[in-house]
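Visitor: Questions regarding the structure given below will be posed in turn.
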Amino acid sequence: MTDDLAALQHEAEHSIAAAPDLRALEAVRVALLGKAGRLTARLKALGGLPAEARREEGARLNVVKEALAAALAARRVALEGAALEARLAGERIDVTLPARPSESGVIHPISRSMDEIAALFGAMGFSVAEGPDIETDWHNFGALNIPPHHPARADHDTFYLPPETAEAPPPVLRTHTSPVQVRTMLSAPPPIHIIAMGRTYRADHDATHSPMFHQCEGLVIDRAITLGHLKGCLSDFLRAFFGLPDLPVRFRASYFPFTEPSMEVDIGWNRRTGELGRGGDWLEILGSGMVHAKVLANAGIDPREWQGFAFGMGIERITMLKHGISDLRPFFESDLRWLRHYGFSPLAPAMLHEGV
Ligand code: DAH
């Protein structure tokens, strides 16, 4: 009997140690301790023994049962660890593998123009300023010398937002980037040399107008700034942007409430062929002028000490001219075929040393 039990324990320990995986181990457990297991059968048989023998045999059986349960548990832990190791090894990621080739995106022509504009004005010592798309009436109009009921307001087809109080003038979606002039002058003392680019909004929609479009504003405030600086700066910019060193540039007297004197800037082109640079026709490109003394005063700058010039241009317009794009609407239709055709490689950013 004793030898018998010792043999069973020995054999069971061997099977436990040899179980190759959790499933085999469970089969060994069931064969020993399951309902019809060998050890279970012997425990059940205890009932038929005389009291003395039952106590002795019961004690021995319990020792064996506990030893086997412990061996089963230890083997289970070992097998579970090995299974986890195997799974981790299978899931190992080789971070040195080269990336799979994927289709790269392209830079939208408007973004490209903004990069080029920033590169060109950056080289002339300008930095880039920003302002919010939702503006106060005062920043968008009042401070720029466009009082309520001024006819210039009617030209702008303004989108108004619900006012915060009944008395307050309603906020607007900025109709131009000119309010960034005011914000910049209020935020730090002169000298100021900035451009500000971003979205602008007017309730207008056809082949050459979109309710959302982009402008680039420029502002220079310094001592002894003259119209000559304005003309030189804008001529240099336009010739570099269009890549035409001989591009004819004309400054034509005009009117803006926030500049005095004001000038519209035209470039030479051929109206019939669309070719830039020659042809004897003139095309209006942007607005500019010497910052009005009232605007300086509204922004807390003494016009007797400081003066400067400002300009504003439509980014869609100069982008269309530069790349021969005739319709404005596809700019904002997210048609990938259009974008791939007119877009720019992200790997060849706008840089001055190659010409923009
Ligand atoms: N804000 C004007 C517009 O949207 C453009 C403009 C003209 C801006 C003259 C200027 C400027 O800064 O001096 O039509």
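The values are calculated or read from the model by the stated rules, or taken from the named source; none is laboratory data. Given the structure is predicted, the values throughout are model-derived calculations rather than measurements. Note that we place each Cβ from the backbone using ideal geometry, even for glycine, and neighbour counts take in every protein chain shown. SASA here: full protein model, heavy atoms, side chains in, ligands and nucleic acids out. Shrake-Rupley method; radii C 1.70, N 1.55, O 1.52, S 1.80 Å.
Visitor: For ASP246 paired with ILE93, estimate the spin-label separation in nm (one decimal), with each label point 7 Å from Cα along the Cα-to-Cβ line.
Guide: Spacing of the two 7 Å Cα→Cβ label points: 5.8 nm.
Visitor: Shifting gears a bit: Please give the net charge around MET197, taking every other residue with its beta carbon less than 15 angstrom from that of MET197, where Lys and Arg add +1 and Asp and Glu add -1.
Guide: Cβ neighbours under 15 Å give a net charge of -1.
Visitor: What residues have an amide H closer than 5 Å to that of GLY277, excluding those fewer than 5 places away on the same chain, when H is modeled at 1.01 Å from N in the peptide plane?
Guide: Hits under the 5 Å cutoff: GLY268, TRP269, ASN270.
Visitor: Mind running the shape call on region 1-128? Use the C-alpha gyration tensor, a ≥ b ≥ c as the square roots of the eigenvalues: rounded below 1.5 for a/c, prolate if a/b tops b/c, oblate otherwise.
Guide: prolate
Visitor: Using a 1.4 angstrom probe on the protein heavy atoms only, could you order TYR201, TYR255, TYR342 from most to least accessible area?
Guide: Per-residue accessible area, sorted high to low, gives TYR255, TYR342, TYR201.
Visitor: Give me the dipole magnitude in Debye, nearest 20, for the chain about the Cα centre, with unit charges on the beta carbon: positive for Lys and Arg, negative for Asp and Glu.
Guide: Here the chain has a charge dipole of around 860 debye.
Visitor: Between ALA224 and ARG340, take the C-beta separation as r, use R0 = 56 Å, and let me know the FRET efficiency to the nearest 0.05.
Guide: Computed FRET efficiency for ALA224 and ARG340 comes out at 0.70.
Visitor: Per the Kirkwood treatment, what hydrodynamic radius in Å, one decimal, follows for the chain from the mean inverse distance over all distinct Cα pairs?
Guide: For the chain, the Kirkwood estimate is 27.0 Å.
Visitor: Rounding to the nearest 10 and keeping the result within 0 to 90°, find how far the Cα-based axis of helix 227-242 lies from the longest principal axis of the chain.
Guide: It is inclined by approximately 50 degrees.
Visitor: Same structure, new question: What is the helix-to-structure angle for 22-33, meaning the angle in degrees between its Cα long axis and the longest Cα principal axis of the chain, kept from 0 to 90 and rounded to the nearest 10?
Guide: Helix 22-33 sits roughly 30 degrees off the main axis of the chain.
Visitor: Report the full-extension gain for the segment GLU167 to VAL63: residue separation times 0.36 nm, less the Cα-Cα distance, to one decimal in nm.
Guide: Result for the pair: 28.2 nm of gain on full extension.
Visitor: Here's something else I'd like to know. Give me the number: length gained by fully extending ALA123 to ARG23, i.e. 0.36 nm times residue separation minus the C-alpha to C-alpha distance, one decimal in nm.
Guide: Working: separation 100, 0.36 × 100 = 36.00 nm, distance 7.30 nm.
Using 0.36 nm per residue and subtracting the Cα-Cα distance, I get 28.7 nm.
Visitor: Which whole-number percent is the relative contact order of region 1-147 (Cα, under 8 Å, 6+ apart)?
Guide: Contact order relative to length: 19 percent.
Visitor: Also, quick follow-up: What FRET efficiency would be calculated for the residue pair GLU103, ASP133, taking the C-beta separation as r and a Förster radius of 35 Å, to the nearest 0.05?
Guide: 0.65
Visitor: Given points 7 Å out from each Cα along the Cα-Cβ axis, report the SER187 to ILE325 separation in nanometres with one decimal.
Guide: 2.7 nm
Visitor: State, as an integer percentage, the relative contact order of the chain based on alpha-carbon contacts under 8 Å between residues 6 or more apart.
Guide: 16 percent
Visitor: A further question follows. Per residue of the chain, what 222 nm ellipticity follows from adding -39500 (n - 2.57) for every DSSP H run with n ≥ 4, rounded to the nearest 500? If you can, show how the numbers build up before the last one.
Guide: Details: 12 runs with 148 residues, N = 356.
After summing the helix terms and dividing by residue count, I get -13000 deg cm²/dmol.
Visitor: Just the accessible area for PHE331, please: 1.4 Å probe, Å², rounded to the nearest 10?
Guide: Here the accessible area works out near 10 Å².
Visitor: For every other residue with a beta carbon closer than 9 angstrom to the beta carbon of LEU32, add +1 if it is Lys or Arg and -1 if Asp or Glu, then tell me the sum.
Guide: Local net charge: +3.
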